[in-house]
Amino acid sequence: MLTRLGPMLAIGLLTAPVAFGLAGTVLPAFGYLPALGGMEFGLAPFATLFAEPAILMSALMSLVTGLVTAAISLTAVMLFTAAWGGTRLFARIQHLISPLLSLPHAASAFALAFLIAPSGMIARLISPELTGWERPPDLLIVHDPLGLSMMAGLIVKEIPFLLLVTLAALPQVKPARMRALIASMGYGRISGFVLGLWPSIYPQIRLPVFAVIAFATSVVDVAAILGPTTPAPLAVRLVNWMNDPDLSMRFLASAGAVLQLGVTAAAILIWIGFEKIGARLRDRVACAGRRLRRDSGLRWGALAAMLVSAGAIFAGLLALGLWSVAGLWQYPDLLPARFDLRNWMRVLPSLVEPLAITLFVAFISTLVAVVIAILCFVREDEMGYPPGRGALALLYMPLLVPQVAFLFGLQLLFILTGVQATMAALVFAHLVFVLPYAYLSLKDPWRAFDRRYDQIAAGLGKGPVERFFQIRLPMLARPLLAVAAIGFSVSVGLYLPTLLIGAGRLTTITTEAVALASGGNRRVIGIYAFMQMVLPAAGFAVATIVPALIFRRYRDMHV
Amino acid sequence: MRALLFSTALLAIGTAPAAADTTQPDPSNWDAVLEDARGETVYFNAWGGSQNINDYIGWAGDELKERFGVTLKHVKLEDTASAVATVVAEKAAGRDGNGTVDLIWINGENFAAMKEQGLILSPGWAEKLPNWTFVDVENKPTIRTDFTVPVEGLESPWGMAKLVFFYDTARIKVEDLPRDTDGLLKWAQENPGRFSYPQPPDFIGSSFLKQVLAEKIDDPSLLLDPVDEERFAEVTKPLFDFLDGLNPVMWRSGRAYPQNYPAMKQLLADSELDIIFAFNPAEASSAIANGELPDTVRSFTFPGGTLANTHFLTIPYNASAKAGALVAANFLMSPEAQARKQDPAIWGDPTVLALDKLNEEDRARFDAIDLGAATLRPDELGPALDEPHPSWMERIETEWKRRYGVGN
Amino acid sequence: MTDAGLFIDGVTIALEGREIVSLTKRVAPGEVLTVMGPSGAGKSTLLAYVGGFLDPVFSARGRVFVAGTEVTALKPEDRHVGVLFQDPLLFPHMSVGGNLMFALPEAVRGRAARVERVAHALEGVGLAGLEARDPATLSGGQKSRVALARVLASTPRALLLDEPFSKLDAELRAQTRELVFSKARESGLPVLLVTHDAADAEAAGGDIVRIGE
């Protein structure tokens, strides 16, 4: 009975907020919002929207950002997997990059900003000796009008994500045997992979790729930290309108959110066009039988791309950590003139509350998400068949619909029902985003569990509850905790849902960090971004250490 | 479809007025206010982009808790406008009591907007607060007139602000410093890429625009009245001619702007900018004390005068903790809190109090403050230019956004 | 109409309308019924039906009696039917002793009594004193014997063997087979053996049913 609740809860949790939220966004976009005196449907909000200066420029920027981010990160992952898959180096790089997955977007954006700014670490490293820059060059790098640094900030974060989903899909195509087979036909490593294996991998990672496009077209925090300001990308402007004292701006913001929805949809449609062109191109090359064996340049290039993207973040994080303990640190000094723990001492008191809220919300939403995911899987086991494609698409809904597009409406709903800025509302909003990740990452370990253990235990006279708590749960402890760590890191990194639903009263480390970004105080940003980095890392550490300790006597429980 | 209907229904419900909070504290009966306030939680909506200000508010919270049993929660805003937006939204949704905002750090356009829409606790309460007796109403006219709008006790003064420029003596000689905005333009042309201003509608950035306008306008009396739309283009032409000239020689050639004052401060520390400015004369000393700026930074103003104003605290009409908010506003106006605030090592925000109205002990608190080498003495600050009517700020920001805020 | 032992009464299993097994058979206590057939013929499906863990994609009818009680509608845990698979499937998060403790019926009360029973069971399969060992450190043959001890410790009324010897090498296979059958005989358990190895069937000595041919 309880397990039947699982799928219902999951579907309700994933669709209701998105559906209600969209309604709450779309209605005001067409002028209907009785609470603000909008009683009649009309296109006036859109007229205002398109009269906004450079609105199409903002929309175009968002569209291009989404496509470029997805294209570059996917290409890098594909080439890297093609060139190095199955080697020891691949495994090493994979270990290097995986932790970045849990790093909140805002923290990695800060890391990049600290690195590439004209007064950043790179400039300091090579100045003035190599460049002659006695003072930082007047170069528009961070906040550049083309959004290049914003895209870079997104790409370095999406590469680990796409690499991980690719790795999850890889075993199903039996890569080792296929590689050998294709190589025996004389194909180069990369061309063999791209022509022979990638076509069966890509359909499995298509939804995650769409999620990347949706995220990159509508991102707010990374755009605020690295993105252009004249004009800002669409989503950033929307959030600003949403916060405007002139309440009629809400109509404009809602119309803008509908435009955002269109931009994201357009980006995905264009991407589907790319897919078709890519497939045709691939078929042509494949039919021509071109072996393309000389790919060493590309192989090293792919490796370099991965190393640079990971290296940039790690170097940036280091810079960030340094700033958090820096006293006076002038350009072009590579290190602070003196170190000073005062920054930490000063920030610590104001860190306590957001930290407590971050931990509480992340903990509860993760716990609930994992429980619901487990209920879903138990129900699936009872039914004997997995959910269809439709259910899977449902799962991706909160990741495919731009956050601004439904969070505006959801916020409105929460205001009207008087639950805005309550802990329950915030946990609920986080759950919408944590649940998909919990479900998706628990799917494989759950299905990999050998059902016969269950049957043996049943044969020993053990009922379902006993079997679950004494066999299934302990045996899946490690993957469950890993899933919890993922959910935890997702929650810690959520910016927009926290900002809109927490309404400034419930703030987390991430909303505080992004709020401080505008202040440009590198020391304080360093501290917050450092905390952002530490929290998920601590989550993963717990997820690794706890089962290792509990099961230290049992070899097969180690991985 | 059902989802649509349901949410529509909810929207309709939302328009029904909530039960109003009828208890209205009376500041002239202060003991009753104190009693009322005990145990209340005051959500203080204040710009949160500066760590030392946040720390100061944190200190005030600790004191309020200990002395009056009032819990002060700092809701850190990027822009005060969002607090106003919240109150507006709550009024629109019929939430006339139990509002989520109790106290706002405010002045200028936001105050004008709230006052005009009747969103402030009234009748006027600020001049009935016990610490009002110390306020320097005689010599600080901006305390009773906020951006040309009469205050009428609807907000209590918290601090004084004056536009002051900072530079690094390690890079600029005193004799090269500009003496007015024209001089600034000339200096920028000679030193391209070394000057910028925060992107309007940032408060400091918009203030810079107003400074230029106030200096350049033919008839300054026009600024005391709301914008006359018909003459706007003509009247502001000198301002935008100036900006057109300044833009190409600015930092990043005017294609990007620092987001606010602290960002400019970092750019001065990084020696990307050579001249920056703030609304707080003690800012530079405070930054030096915190290791954020080198100790070679000094201040200057224009002999012809720079903008000056007062910043305030106000209480929304639907605040949940009105008594608590009154107690907080009164405490933040107390000699003790004001003296601490003026210390550059803490914040460095000039007081609204008249030192000659204080008792000896309190005056000693102010005398003990080391303003630091980078802070100008009050008599060195130069004349004060009045803030224009708030409608100017809004109108200039829109025009600025149209011209420079969209890239090219 | 039923007595002790295992009685499979008119059991028919179908997948998407296609019948794959149909059987009526009685297995007396201590005897072995061997089901043989090529892989994919549905041998294990029959076993799953008797054990009560048939995948819901199959449709099945017919009745199963264990020691005179009809178990067809009972949950697997209420059937008292022990299973051995080709892998020993020892619970990796419990010690050898823990695995057996877990299997021991609740009716055996008192710590001392339970410890005693576990020791006795391990002794019965020639592994006395290995209680504290991590199952992962045992050899393949040892693991199989622990699995046997574990299933016997739960005092089942029938035993289902799903190719339990197929992963052992030839010598070990004969030994283990002998041990399993002798233990089953000793305990008077009816055994249903599924295999594709003729030697298994021969060693079992009971009836042989061939399906899927």
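The set of residues in region A:80-97 that are closer than 20 Å to A:Ala180 by Cβ and aliphatic (A, V, I, L, M) comprises A:Ala82, A:Ala83, A:Leu89, A:Ala91. Residues that are in contact with a Cys (Cβ under 6 Å, 6 or more places away or on another chain) number at least 3 in the following helices (runs of 4 or more DSSP H) confined to region A:1-109: A:2-29. In region A:138-155, the residues that are more than 13 Å from every other protein chain (Cβ to nearest Cβ) reach residues that are outside any loop (DSSP other than H, G, I, E, B) and of a type in the set (Val, Ile, Thr) with C-beta atoms within less than 6 angstrom, at least six apart or across chains, in these pairs: A:Met151/A:Thr65; A:Met151/A:Val68; A:Met151/A:Thr69; A:Gly153/A:Val222; A:Leu154/A:Thr69; A:Leu154/A:Val222; A:Ile155/A:Thr69; A:Ile155/A:Ile72.
Can you find a residue that is within 13 Å of the chain's Cα centre (by Cα), buried (at least 21 other Cβ atoms within 10 Å of the Cβ), part of a loop (DSSP other than H, G, I, E, B) and modelled with pLDDT under 95 anywhere in region C:170-188? The answer is no, given that none of the residues of region C:170-188 is within 13 Å of the chain's Cα centre (by Cα), buried (at least 21 other Cβ atoms within 10 Å of the Cβ), part of a loop (DSSP other than H, G, I, E, B) and modelled with pLDDT under 95.
Annotation: B:Gln189 fulfils all but one of (1) more than 27 Å from A:Thr229 (Cβ to Cβ); (2) in contact with a helix residue (DSSP H, G or I) (Cβ under 6 Å, 6 or more places away or on another chain); the unmet one is (1). Among the residues of region B:383-408, those identified as more than 20 Å from the chain's Cα centre (by Cα) and assigned to a loop (DSSP other than H, G, I, E, B) are B:Gly405, B:Val406, B:Gly407, B:Asn408. Scanning region A:441-467 for residues that are assigned to a helix (DSSP H, G or I), within 12 Å of chain C (Cβ to nearest Cβ) and within 35 Å of the chain's Cα centre (by Cα) gives a single hit, A:Arg451. A Cβ distance below 7 Å, combined with a sequence gap of six or more or placement on separate chains, defines the contacts here; from region B:379-408, residues that are at negative phi and within 14 Å of chain A (Cβ to nearest Cβ) reach residues that are among the small types (Gly, Ala, Ser) and assigned to a loop (DSSP other than H, G, I, E, B) in the pairs B:Val406/A:Ala54. Being β-branched (Val, Ile, Thr) and more than 8 Å from chain A (Cβ to nearest Cβ), is that true of even one residue in region B:87-96? Yes, region B:87-96 contains a residue that is β-branched (Val, Ile, Thr) and more than 8 Å from chain A (Cβ to nearest Cβ).
Only strands (runs of 3 or more DSSP E) whose full extent lies in region C:22-121 are considered here, and the ones with at least 3 residues that are more than 10 Å from chain A (Cβ to nearest Cβ) are C:32-36, C:58-66. The residues of region B:60-85 that are under 16 Å from B:Thr41 (Cβ atoms) and of a type in the set (Val, Ile, Thr), listed by number, are B:Val70, B:Thr71, B:Val75. If only residues of region A:415-440 that are in a helix (DSSP H, G or I) and over 25 Å from the mean Cα position of the chain (by Cα) are counted, the one that is farthest from the other protein chains (Cβ to nearest Cβ) is A:Ile415. Taking region B:98-204 as the region of interest, the strands (runs of 3 or more DSSP E) fully inside it that hold 2 or more residues being in the same structural domain as B:Lys357 (by TED's automatic domain parsing), among the aliphatic types (A, V, I, L, M) and touching a Phe, Trp or Tyr at 6+ places or on another chain (Cβ under 7 Å) are B:103-106.
Being surrounded by 14 or more Cβ atoms within 10 Å (Cβ to Cβ) and within 30 Å of A:Leu407 (Cβ to Cβ) is true of A:Leu259. Restricting region A:145-177 to residues that are assigned to a loop (DSSP other than H, G, I, E, B) and at pLDDT below 90 leaves a set whose member that is surrounded by the most Cβ atoms within 10 Å (Cβ to Cβ) is A:Pro145. Restricting region A:25-59 to residues that are in the same structural domain as A:Pro398 (by TED's automatic domain parsing) and under 21 Å from A:Thr217 (Cβ atoms), the residue that is surrounded by the fewest Cβ atoms within 10 Å (Cβ to Cβ) is A:Val26. Taken over region A:528-559, residues that are more than 9 Å from every other protein chain (Cβ to nearest Cβ), more than 17 Å from A:Trp323 (Cα to Cα), in a helix (DSSP H, G or I) and of a type in the set (Val, Ile, Thr) amount to 4.
Inspect region B:52-63 for any residue being within 14 Å of chain A (Cβ to nearest Cβ) and within 26 Å of B:Asp386 (Cα to Cα) and give the result as yes or no. Within region B:52-63, one or more residues are within 14 Å of chain A (Cβ to nearest Cβ) and within 26 Å of B:Asp386 (Cα to Cα). Of the residues in region A:36-53, at least one is among the β-branched types (Val, Ile, Thr), within 14 Å of chain B (Cβ to nearest Cβ) and touching a residue at least 24 places away in the same chain (Cβ under 8 Å). Residue count for region A:509-527 satisfying the condition of being part of a helix (DSSP H, G or I), within 12 Å of another protein chain (Cβ to nearest Cβ), out of contact with any strand residue (DSSP E or B) (no Cβ under 8 Å at 6 or more places or on another chain) and in contact (Cβ under 8 Å) with a residue 24 or more places away in the chain: 7.
Scanning region B:314-345 for residues that are crowded, with 24+ Cβ neighbours inside 10 Å and closer than 17 Å to B:Ala83 by Cβ turns up B:Thr314, B:Ile315, B:Pro316, B:Ala319, B:Ala321, B:Lys322, B:Gly324, B:Ala325, B:Ala328, B:Ala329, B:Leu332.
Looking across region B:97-118 at every residue that is surrounded by 22 or more Cβ atoms within 10 Å (Cβ to Cβ) and more than 10 Å from B:Asn45 (Cα to Cα), the one that is nearest to the other protein chains (Cβ to nearest Cβ) is identified as B:Asn110. So is A:Pro354 over 30 Å from B:Asp295 (Cα atoms) and within 14 Å of another protein chain (Cβ to nearest Cβ) or not? Yes, satisfied.
The values are calculated or read from the model by the stated rules, or taken from the named source; none is laboratory data. If you're wondering where the values come from, they're calculated on a predicted model, not measured in any experiment. As a convention, Cβ positions derive from the backbone with ideal geometry for all residues, glycine included, and neighbour counts pool all protein chains shown.
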